[in-house]
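Okay, structure first, notes after.
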Amino acid sequence: MKNSILIIAVIGMFTIAFLRCVTGTTTTSATNRIQLPSDPLASCTISKQAFSQWFVSGQPSTNGAVQPGNSVLFPSNDNCDFYQWSQQMFLWMTSPASGMYGGNSIVLESPLFFDVSPQNADTQRFLIPHLPHHIFNMSSHLVKNGPERLPLIKANDGKMYEVEPATPADKNRPQVSDAGGNQIQIDRIETNSDGTHRFYDKAGKEIPHPKAILTHRQNRIPIIKELIAGNTHAFVDKEGNEVNFELSQATGDVLMSQSGSLVYYLTMVNDVYAWYLTASKNNAMSGQHFPVTAADRDSICAYARAHNQVLPDSNALAIEIKSSWVEASSVPPADLNNYFTVDATIPVYKKTASYWIPDSTRQTKMALVGIHVVGSVAHHPEMVWSTFEHVSNAPNAAYTYLDSGKKVRTVPADKGSGWLFSNTGATADTAYNISHMTAYNPKLQTFTITDTIFAQPNYPISPSNTLRTTPWGSVTDSATNQQDLSSAASNSEIISFDNNIQSFLPGDKRANYLLIGATWTFGGTPPNGGSYGSDTTHGVAIGTSALANTTMETYFQNNNPPSHTFTQTTCFLCHSNNNSNLPGDLSHIYTATQRLFLDPVGTLKKK
């Protein structure tokens, strides 16, 4: 009997060791994971020889150092070039920060990157150098703004709008124009039984069909004006149409994992971006577009050298990163080795069921769950916008792909519990992507962001169930780009590429993060806010044009299949303005971010 038990134990040990070798993991996963189809059409792949050239050693190695892609020589022959660039950049910034990167952490933590602070009361942001023993400061809310940098909301009909909030002057004397173009002061607003409103002037006379007086120019997304009289709010566009929505649908949402950790966010740029911004704002460069040529690179490097700084990876050109994190202690211990972790300072809250007030801060270890990698490349000053997610984040909705025989296959929606941001698989009776928390104060009915977290109406502060509605950035039954005239074809490119990369990275921590997709514009021309499925002119978003990350666009994902009540969105719907490739029109952080602080002899210093 004892011999039998010993034999079973030995067999069990060998079985576990074999499974670890085959799967490339060092721990048994305690959470659910996205499973990729094994037979997609190999429409986007990279050879092992070409992949090997990404590595500093010239050979793939587990968690080995990868060099950045050469954005100056970026080929842009087909979609796969953009996906390869995105993947190489992710592998580079999550490589060990040895040698010139100055430490045993990852490149993302090295002096080559700068944190971008949240906006202060004067709407300014600051570049924070990564000095020795740098500790990140992370925020628990993510503001989604439109092209005019106004709060973004989703109305009851599913359409998106930017909101021009009421100013203190507006609240005292809200103005509208009547049918004749006359400006009239609103004295009171009354609510009808159907939720619409009636507007009255000081004489008590009803104002028929009042039109909003906007101070912002309407761009990609319609703008509505917040009108307040007493305690009553209404929202009207410049044509006099009233838009109804719950303030709980406004941006400023807060996300929580199923194990109770808030999601925290961090924005960073690389040294090329930081010195380009500084040179442009010091009038040492034209600042007409993000760097895309060797001449652009050389000018930025020369400016940095004049201030005693060397940019060792300048061929990467300008990189902007937005990342999402949960507390490492909230990840199942058996899974933690599958995440990248960093040390960060986060808020400590005084908690009630309906709101959390920040009381102090503490330092803790954080685990990476999502990351946007955005960068300029040759011929594409609008930049390439890509995103990656951890395999355990959330279940996928159903999607199609082409198998190796070019037959359309349907992958059903993911089932099962144990996802980081969902306690169940995708089922018909489960409500998904409904915000439970916000950083806006619903009691004050204001669009001013706060550090306090408020429960949404009808919910306590709690996790919501998240679903990835367009798993690989393509809406069903749509032409995603000029190369892939079906969603299935587009999905196959991403799936085959992810499979390809994972086959080269057994046991590598980076294999736990999937490329969800990347988008750019047709022709590299200024984005017009459209997507290829509804337009074929230069400037529309192509690649995976319905791209979203479930940790950063959780409540602003596209519907799948498309619905007439929801506008199909692309990254460029918000990251565009004035039909230009000006950096301030593309990047939401560029205009507000202040130049690097230099001492009297021109050396970089911390503010």
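Rule-based calculations on the coordinates, nothing more; no lab input. These numbers come from a predicted model, not from an experiment. Ideal geometry is used to build each Cβ from the backbone, glycine not excepted, and the neighbour counts take in all protein chains shown.
Quick check on the chain: helices-only [θ] at 222 nm, where DSSP H runs of length 4 and up contribute -39,500 (n - 2.57) each and the sum goes over total residues. Nearest 500, please.
Numbers: 9 runs with 96 residues, N = 607.
Helix contribution divided over all residues of the chain: -4500 deg cm²/dmol.
Which value, in debye to the nearest 20, gives the size of the charge dipole of the chain about its Cα centre, when Lys and Arg are +1 and Asp and Glu are -1 at the Cβ?
Working: 40 positive and 47 negative charges, 211 e Å.
Dipole of the chain, to the nearest 20 debye: 1020 debye.
So for the pair residue 137, residue 47, with labels modelled 7 Å out along Cα→Cβ, what separation do we get in nm?
For residue 137 paired with residue 47, the spin-label model returns 5.0 nm.
Taking the beta-carbon count within 10 Å as an exposure proxy, list 440, 401, 303 from fewest neighbours to most.
Numbers: 440 25, 401 29, 303 19.
Placing the least packed residue first, the sequence is 303, 440, 401.
For the chain, what are the DSSP H helices with axial Cα length of 27 Å or more and mean Kyte-Doolittle hydropathy of at least 0.5?
Details: long enough: 2-23 (31 Å, 1.71).
Counting only whole DSSP H runs, the qualifying helices are 2-23.
Expected output is a single nm value to one decimal: the length gained when fully extending between residue 185 and residue 305, i.e. 0.36 nm times separation in residues minus the C-alpha distance. What is it? Mind showing how you got there, number by number?
Numbers: separation 120, 0.36 × 120 = 43.20 nm, distance 5.76 nm.
Extra length available between residue 185 and residue 305 comes to 37.4 nm.
Starting at 0 and stepping by 10 Å, how many percent of the alpha carbon pairs of segment 156-244 end up in each bin?
17, 55, 26, 2
Based only on other Cβ atoms within 10 Å, what is the fewest-to-most ordering of 80, 44? Can you show the working numbers first?
Working: 80 17, 44 24.
Placing the least packed residue first, the sequence is 80, 44.
Report the extension gain between residue 398 and residue 379 in nm, rounded to one decimal, defined as 0.36 nm multiplied by the number of residues separating them, less their alpha carbon distance. Kindly include the intermediate steps, with their values, before the conclusion.
Details: separation 19, 0.36 × 19 = 6.84 nm, distance 3.51 nm.
Extra length from residue 398 to residue 379 when fully extended: 3.3 nm.
Hey, for a label at residue 120 modelled as a point 7 Å past Cα toward Cβ, could you say which residues of segment 330-356 have their backbone N under 18 Å away?
No residue passes the distance filter.
For residue 78 and residue 167, FRET efficiency with R0 = 56 Å and r from the beta-carbon atoms, rounded to 0.05? All intermediate terms of the calculation are to be shown ahead of the outcome.
On the way: r = 49 Å, r/R0 = 0.87.
Here the calculated transfer efficiency is 0.70.
From the mean inverse distance of alpha carbon pairs (Kirkwood) and the Cα radius of gyration, derive Rg over Rh for the chain. Please report the intermediate quantities before stating the final value.
Details: Rg = 25.1 Å, Rh = 25.6 Å.
With Rh from the inverse mean 1/r over Cα pairs, Rg/Rh is 0.98.
If I model a spin label at residue 594 and residue 423 as a point 7 Å from the Cα along the Cα→Cβ vector, what separation in nanometres do I get?
4.5 nm
Mind giving me the FRET efficiency for residue 343 and residue 459? R0 is 30 Å, r the Cβ-Cβ distance, nearest 0.05 is fine.
Values: r = 32 Å, r/R0 = 1.06.
It comes to 0.40.
Computed FRET efficiency, Cβ-Cβ of residue 286 and residue 202, R0 45 Å: what is it to the nearest 0.05?
Efficiency, rounded to the nearest 0.05: 0.30.
How much net charge surrounds residue 39 when only the other residues with a Cβ under 13 Å from the Cβ of residue 39 are counted, with Lys and Arg +1 and Asp and Glu -1? Let's see the in-between values first.
Details: positive: 406, 407, 409; negative: 403.
Taking every other residue near residue 39 into account, the sum is +2.
Could you sort 49-60, 337-348, 451-462, 369-380 so that the peptide with the highest average Cβ count within 10 Å comes first and the rest follow in order? Don't skip to the answer; put the middle values down first.
Working: 49-60: 13.9, 337-348: 18.5, 451-462: 16.3, 369-380: 24.3.
Result, highest mean first: 369-380, 337-348, 451-462, 49-60.
Between residue 360 and residue 259, what is the label-to-label distance in nm when each label sits 7 Å out along the Cα-to-Cβ direction?
The modelled label-to-label distance comes out at 2.5 nm.
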